[in-house]
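This report refers to the structure that appears directly beneath it.
Please treat every number below as a calculation from the coordinates, not as lab data. Remember, predicted model here, so these are calculated numbers, not experimental data. Cβ sites come from the backbone with ideal geometry, for glycine too, and all protein chains shown count toward neighbours.
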Amino acid sequence: MNNCNDKKISNWCVVSMASIPLVMTLGNSMLIPVLPIFEKEVGITSFQTSMIITSYSIASIFLIPVAGYLSDRFGRKVVILPSLLIALLGGLVAGFASWKMDDPFTWIIIGRVLQGIGAAGAAPIILPLVGDLYKDDDKKTSSCLGLIETSNTFGKVLSPIMGAMFAAYLWYLPFFSISVFSLISIVLVIFFIKVPKKKEKPVALKTFIKNTKKIFKQEGKWIFTVFLVGIYIMLVLFAVLFFLSDSLEKTHGLYGVKKGFVLAIPLLTLCIASFITGRKIKGELKVMKVIMTVSLILISVSVSLIGFVDERLILLLSVSSFMGLSIGALLPTMDALITENIEKEERGTISSFYSSSRFIGVAAGPPLMALVMNSLLNESFIGAGILGIGMFLSVLFFIQSEKSPTSTTNQGGST
């Protein structure tokens with residue numbers, strides 16, 4: 001099998017799709033372990049350092065819904081390829097600025113914004129693309145989404161190790177490496193992803209807006225609940241990663257590649273949980289709801305404890321790994337909930353709004369942690385735990401475990 005038009009989706013097609021979230025994840029998470037190095041080399045504050053992560057995410061937040069609409073109207077691949085090219089360019093801008101300029105911070109941020117623009121039009125489009133390829137087969141869709149999310153989370157595992165290794169050689173090398181990875185993904189997409197041809201005419205913008213409003217009106221309770229949970233878990237994850245990157249150096253004296261391997265431990269549990277969950281949910285709504293509620297309780301408990309175990313490395317890694325395990329179970333579950341329960345015509349836009357909501361959490365986590373970790377650390381983590389209980393209650397009340405018989409689509413919540 002050579003492409004995605006075949007009745008059986010080829011392995012290379014799945015690999016090509018999985019490479020996109022992997023590259024985008026490396027583009028962000030790979031920088032987290034080397035942020036303290038950037039702080040020293042560029043001569044910036046901890047808050048400014050956090051903006052290297054946040055600038056990437058803010059650009060994505062606003063452009064992901066636009067990319068979703070464009071992919072629905074003009075095709076997934078038409079949006080994905082230029083986006084990967086922009087991400088490649090962003091890596092070059094940030095890398096050359098760090099290499100050649102005495103005060104590169106502004107140009108680093110410009111490069112990161114370009115990468116965020118590229119991420120907006122690449123990774124989020126994969127969710128609806130999987131739905132398009134597998135059509136009405138919920139089990140295969142869930143399984144493939146699990147692999148895609150595992151690729152995403154595997155990128156998070158590799159990120160701290162690779163980032164630390166690159167930075168140990170040249171502190172700005174991680175920026176250039178993102179361009180190389182983007183180029184590899186571009187080649188894979190060109191040769192192995194052949195999206196199904198659209199038989200129907202694109203929906204007019206006015207009709208599209210009307211249909212989107214109708215979906216949010218009918219299904220808004222469960223959709224917005226998934227959005228809020230997406231914001232929450234990404235905020236918690238990136239806030240904790242930012243904190244761990246700082247704590248492993250200042251409290252536990254771990255630097256370079258050794259620090260990268262230690263930081264990868266909680267992310268490895270996230271990756272394993274994501275892979276297993278993606279294979280087990282198989283489009284079953286009741287199972288999805290159970291996973292979401294249990295995971296949110298476990299996240300609430302574990303994140304509340306992190307500040308109290310900061311000085312004990314084994315306990316710190318155990319608690320953060322437990323949190324990673326819970327987040328890993330949530331990610332493919334929510335991907336499947338969104339992708340399987342929205343009609344194809346609006347799937348790209350709704351899944352893009354969901355991806356955008358996740359980037360809100362990514363953007364907010366590091367700067368918030370930079371502001372509170374020196375004075376309100378325990379209070380902030382406890383507050384995050386309480387917020388998790390609120391997310392749990394939202395899922396309990398607004399995501400129904402049975403599909404409505406009067407629903408006009410295969411919905412994942414109440415109508």
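Key figures
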{"quantity": "Descending Cα extents along the principal axes, the range 313-400, whole Å", "calculated": "48, 25, 23"}
{"quantity": "Intensity falloff of the chain expressed as log10 I(q)/I(0), Debye formula with alpha-carbon point scatterers, at q = 0.06, 0.07, 0.13, 0.14 Å⁻¹", "calculated": "-0.22, -0.30, -1.07, -1.24"}
{"quantity": "Ile209-Tyr255 FRET efficiency (beta carbon distance; Förster radius 51 Å; 0.05 resolution)", "calculated": "0.50"}
{"quantity": "The chain, dipole about Cα centre (Lys/Arg Cβ +1, Asp/Glu Cβ -1), debye to the nearest 20", "calculated": "1340 debye"}
{"quantity": "Cα-based helix-to-principal-axis angle, 105-120 vs the chain, degrees rounded to 10", "calculated": "20 degrees"}
{"quantity": "Within the range 175-284: Cβ-based charge dipole about Cα centre, in debye rounded to nearest 20 (Lys, Arg +1; Asp, Glu -1)", "calculated": "880 debye"}
{"quantity": "Acute angle (nearest 10 degrees) that the helix 123-134 long axis makes with the longest principal axis of the chain, alpha-carbon atoms", "calculated": "30 degrees"}
{"quantity": "Cα long-axis angle, helix 11-29 against the chain (0 to 90 degrees, to the nearest 10)", "calculated": "40 degrees"}
{"quantity": "FRET efficiency, 1/(1 + (r/R0)^6) with R0 30 Å, evaluated for Lys286 and Leu313 via beta carbons", "calculated": "0.15"}
{"quantity": "Which of Gly388, Ser352, Leu330, positive extreme of dipole for the range 268-389 (C-beta unit charges)", "calculated": "Leu330"}
{"quantity": "Nearest-20 debye value, the range 209-354 charge dipole, Cβ charges on Lys, Arg, Asp, Glu", "calculated": "380 debye"}
{"quantity": "For the range 234-248, Karplus couplings with θ = phi - 60° (6.51, -1.76, 1.60), whole Hz, Gly/Pro x", "calculated": "6, 4, 5, 4, 6, 5, 5, 4, 4, 5, 4, 4, 6, 5, 4"}
{"quantity": "Cα convex hull of the range 85-140, projected area averaged across orientations, nm²", "calculated": "4.5 nm²"}
{"quantity": "Kirkwood-type radius of the range 224-371, with distances r between different C-alpha atoms, in Å", "calculated": "16.0 Å"}
{"quantity": "The chain: calculated mean residue ellipticity at 222 nm from DSSP helix runs of at least 4, using -39500 (n - 2.57)", "calculated": "-28000 deg cm²/dmol"}
